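Report on one structure; see the data block that follows.
Every read-out reported here was derived from the displayed coordinates using simple, explicitly stated rules and does not represent laboratory data. Given the structure is predicted, the values throughout are model-derived calculations rather than measurements. Please note: Cβ atoms are built from the backbone with ideal geometry, for glycine as well, and neighbour counts cover all protein chains shown.
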Amino acid sequence: MKKLLAVLLSLAMIFALAACGNDTPASTKASEEATTKAPETTQAPASTEAPATTDAPAANLSTIKLGFIFLHDPASSTYDNNFYQAALEVQKELGLKDDQFIFKWNVPEGPECQDTAEEMADAGCNIVFADSFGHETYMIEAAKNYPNVQFCHATGTQSRTVGVANFHNAFASIYEGRYLAGIAAGMKLAELVKNGATPKIGYVGAFPYAEVVSGFTSFFLGVKSIVPEVTMDVVYTNSWFDIALEKEAALKLINDGCVLISQHADSEGAPKACEEKGIPNVAYNVSTINLGPTTAIISSKINWAPYYKLIIEAVAKGETFATDWCGNFSTGSVELTELNAAAAAPGTQEAIDKAMAELKAGTLHVFDTKNWTVKGETLKEYLADVQDMGDFQPETNVIIDGVFVESGDDFRSAPYFDIRIDGITEK
């Protein structure tokens with residue numbers, strides 16, 4: 001009898017399971033719903049980034065050694081000092097030791113760069129970074145000779161086309177920072193014009209390269225958004241760093257009637273000239289309030305620390321990283337320095353904050369073609385030399401939906417805006 005009951009019970013269980021098919025049992029389904037359904041909470045939503053898993057390799061930071069190649073001495077050059085300070089910031093954040101860094105100053109844009117880069121590789125550096133445009137060719141050659149070392153270069157253009165896997169370019173959308181700095185300048189210019197000044201400003205540029213043209217144009221458009229009738233003169237020094245020439249250029253602009261000066265050159269020459277003459281100034285790379293306590297308004301800068309951290313952690317984990325990388329406000333790579341209340345016009349911070357929010361929301365575009373013209377005409381198409389093959393031949397239309405799409409992930413990190421727009425005169 002017991003055996004008969006056991007058989008009948010087994011048959012009943014088989015029929016029950018067959019009736020259920022492949023459905024998940026109710027108790028299990030309820031449990032899965034409880035884990036996948038987002039809980040009701042007043043906290044901020046979780047990040048959309050994929051969560052870290054135990055499969056991700058751990059960063060072994062003790063294996064890292066970095067070499068930094070600087071064009072000038074960071075003690076005198078604001079440009080080089082900006083890179084150097086970012087290195088010190090990352091060293092502190094990641095807890096790296098002094099012997100994990102090699103710094104080389106005053107390395108020319110010539111064969112000396114390749115020699116220095118290869119010496120760093122021989123000394124055990126697994127990342128070598130160079131900071132000047134003219135270093136690029138020599139960094140590429142070093143990368144070819146040391147395929148197991150990562151060679152990273154700021155402001156360059158060839159990483160996407162040269163075909164060297166361990167060579168990388170990086171930049172940031174600094175044109176957005178310059179636009180915001182231009183808004184600060186525009187607020188000051190509006191105040192000066194109200195008191196009888198002519199709406200004419202000046203700009204000290206290093207070279208007539210796309211990087212400089214993109215910078216002074218975005219700055220000008222920021223000013224123009226506040227003072228539509230503004231004009232701007234540009235004087236080139238044909239040097240990235242020359243205190244005397246930059247001061248001379250600033251003084252020439254001031255003597256020609258410019259009532260506010262900005263710059264894309266790497267020394268303190270222009271800010272000092274402005275303070276001597278009582279002319280408002282907007283600088284680059286670092287705050288110049290100490291140089292111009294009554295005239296320095298604000299500066300825009302690239303913060304290189306986020307990029308350094310990215311490449312250090314990638315190499316420490318044995319991971320790859322972008323061949324061509326462009327930072328922005330969201331990565332912490334584009335910044336404005338402290339606003340100097342002693343020089344800025346009332347309402348400046350509010351105007352900057354408003355434009356910043358619009359940039360982040362995508363409702364404001366620095367190079368929106370409806371806001372500028374070329375010989376009186378609005379451009380609908382523009383071919384730029386984005387894919388750098390060394391031939392300087394424009395091949396890519398970069399005006400999309402009425403916006404010139406400047407450096408970023410779409411085409412290239414380094415700037416390629418080289419259009420001369422109405423309202424700006426190069427001397």
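Each residue of segment 324-329 in order: what ³J(HN,Hα) in whole Hz does its phi give by Karplus 6.51 cos²θ - 1.76 cosθ + 1.60, θ = phi - 60°, with x for Gly and Pro?
So the Karplus estimates, Gly and Pro as x, are 9, 10, 10, x, 8, 4 Hz.
Taking only Cα atoms and a 10 Å spring cutoff, compute GNM fluctuations for the chain and point out the largest among Ile302, Ile174, Ile352.
Looking only at Ile302, Ile174, Ile352, the largest GNM fluctuation is found for Ile352.
Run the dipole for the chain about the Cα centre, Lys and Arg Cβ at +1, Asp and Glu Cβ at -1, nothing else charged, and hand back the magnitude in debye, nearest 20. Kindly include the intermediate steps, with their values, before the conclusion.
Details: 30 positive and 56 negative charges, 260 e Å.
The calculation lands at about 1260 debye.
At a threshold of 8 angstrom on Cα-Cα distance, excluding pairs fewer than six apart, so keeping six or more, what relative contact order does the chain reach in percent?
Values: 824 pairs, mean separation 69.1, N = 427.
About 16 percent, as a whole number.
Whole-Hz ³J(HN,Hα) for each residue in segment 374-380, computed from phi via Karplus 6.51 cos²θ - 1.76 cosθ + 1.60 with θ = phi - 60°, x for glycine and proline: what do you get?
10, 6, x, 10, 8, 6, 10
What is the distance in Å between the Cα centroid of segment 52-118 and that of segment 356-427?
Here the two parts' Cα centres lie 32 Å apart.
Modelled label-to-label distance, Ala357 and Ala314, 7 Å Cα→beta-carbon offset: nm?
About 3.5 nm separates the two model spin labels.
Quick query: amide H of Gly408 versus all other amide H atoms, modeled in the peptide plane; which residues come in under 5 Å with a sequence gap of 5 or more or a different chain?
HN-HN under 5 Å from Gly408: Ser413.
Please say if segment 83-135 is rounded, prolate or oblate, where rounded means a/c under 1.5 for a ≥ b ≥ c the square roots of the C-alpha gyration tensor eigenvalues, and otherwise the choice is prolate for a/b larger than b/c and oblate otherwise? List each step's numbers first, then the result.
On the way: a/c = 2.82, a/b = 1.55, b/c = 1.82.
Because a/c hits 1.5 or more and a/b fails to exceed b/c, segment 83-135 counts as oblate.
Rounded to a whole number, what is D in µm²/s for segment 281-427 from Stokes-Einstein with the Kirkwood radius over alpha-carbon pairs (20 °C, 1.002 mPa s)? Please report the intermediate quantities before stating the final value.
Working: Rh = 18.2 Å.
Reported coefficient: 118 µm²/s.
Using alpha-carbon pairs under 8 Å, 6+ residues apart, how would you state the relative contact order of segment 169-248 in percent? Display every interim value, and only then the final one.
Numbers: 101 pairs, mean separation 32.5, N = 80.
Result for segment 169-248 is 41 percent.
Name the most mobile residue of Pro199, Pro415, Pro346, meaning the one with the largest mean-square fluctuation, in a Gaussian network model of the chain with Cα contacts below 10 Å.
It is Pro346.
What residue among Gly390, Gly408, Gly182 shows peak mean-square fluctuation when the chain is described by a Gaussian network model with Cα springs under 10 Å?
Gly390
Once the dipole of segment 185-315 is set up with Lys and Arg at +1 and Asp and Glu at -1 on Cβ about the Cα centre, which of Gly269, Val204, Thr217 lies farthest towards its positive end?
With unit charges placed on the Cβ atoms, the residue in question is Thr217.
Helix-only estimate, please: 222 nm mean residue ellipticity of the chain, summing -39500 (n - 2.57) across DSSP H runs of length 4 or more and dividing by its residues, to the nearest 500. Mind showing how you got there, number by number?
On the way: 12 runs with 158 residues, N = 427.
The helix contribution divided over the chain gives -12000 deg cm²/dmol.
Cα gyration tensor of segment 217-303, axes a ≥ b ≥ c as square roots of the eigenvalues: rounded (a/c below 1.5), prolate (a/b > b/c) or oblate? Spell out each step's value before the answer.
Working: a/c = 1.31, a/b = 1.19, b/c = 1.10.
Rounded, because the longest to shortest axis ratio a/c is under 1.5.
Between Trp105 and Thr63, what's the calculated FRET efficiency when r is the beta-carbon distance and R0 is 25 Å? Round to 0.05. List each step's numbers first, then the result.
Numbers: r = 26 Å, r/R0 = 1.03.
Taking R0 as 25 Å, the efficiency between Trp105 and Thr63 is 0.45.
Go through Lys92/Lys301; Lys188/Lys252; Lys301/Lys370; Lys277/Lys370; Lys252/Lys360 and tell me which ones have a Cα-Cα distance over 31 Å in this structure. Kindly include the intermediate steps, with their values, before the conclusion.
Details: Lys92/Lys301 20 Å; Lys188/Lys252 21 Å; Lys301/Lys370 27 Å; Lys277/Lys370 36 Å; Lys252/Lys360 37 Å.
Pairs exceeding 31 Å: Lys277/Lys370; Lys252/Lys360.
Counting Lys and Arg as +1 and Asp and Glu as -1, each charge on the Cβ, what is the dipole of segment 360-399 about the Cα centre in debye, to the nearest 20?
On the way: 4 positive and 7 negative charges, 75 e Å.
I would put it at about 360 debye.
Which whole DSSP H helices in the chain pass both tests: a Cα extent of 27 Å or more along the axis and a mean Kyte-Doolittle value no lower than 1.6?
Helices passing the filter in the chain: 2-20.
Along the Cα→Cβ direction, 7 angstrom out, place labels at Ser239 and Ala322. What is the inter-label distance in nm?
So the label points at Ser239 and Ala322 sit 3.5 nm apart.
Are there trypsin sites (Lys or Arg not before Pro) in segment 85-186 that DSSP marks as loop and that have at most 11 other Cβ atoms within 10 Å, and which are they?
Values: sites: Lys92, Lys97, Lys104, Lys144, Arg160, Arg178; in loops: Lys97.
Answer in residue order: Lys97.
Aspartates and glutamates within cross-link reach of Lys317: Cα-Cα under 18 Å, excluding same-chain residues under 8 positions apart?
Asp55, Glu93
Within a Cβ distance under 13 Å of Ala357, other residues only, what is the Lys/Arg minus Asp/Glu net charge? Kindly include the intermediate steps, with their values, before the conclusion.
Values: positive: Lys354, Lys360; negative: Glu176, Glu350, Asp353, Glu358.
After counting each charged neighbour, the total is -2.
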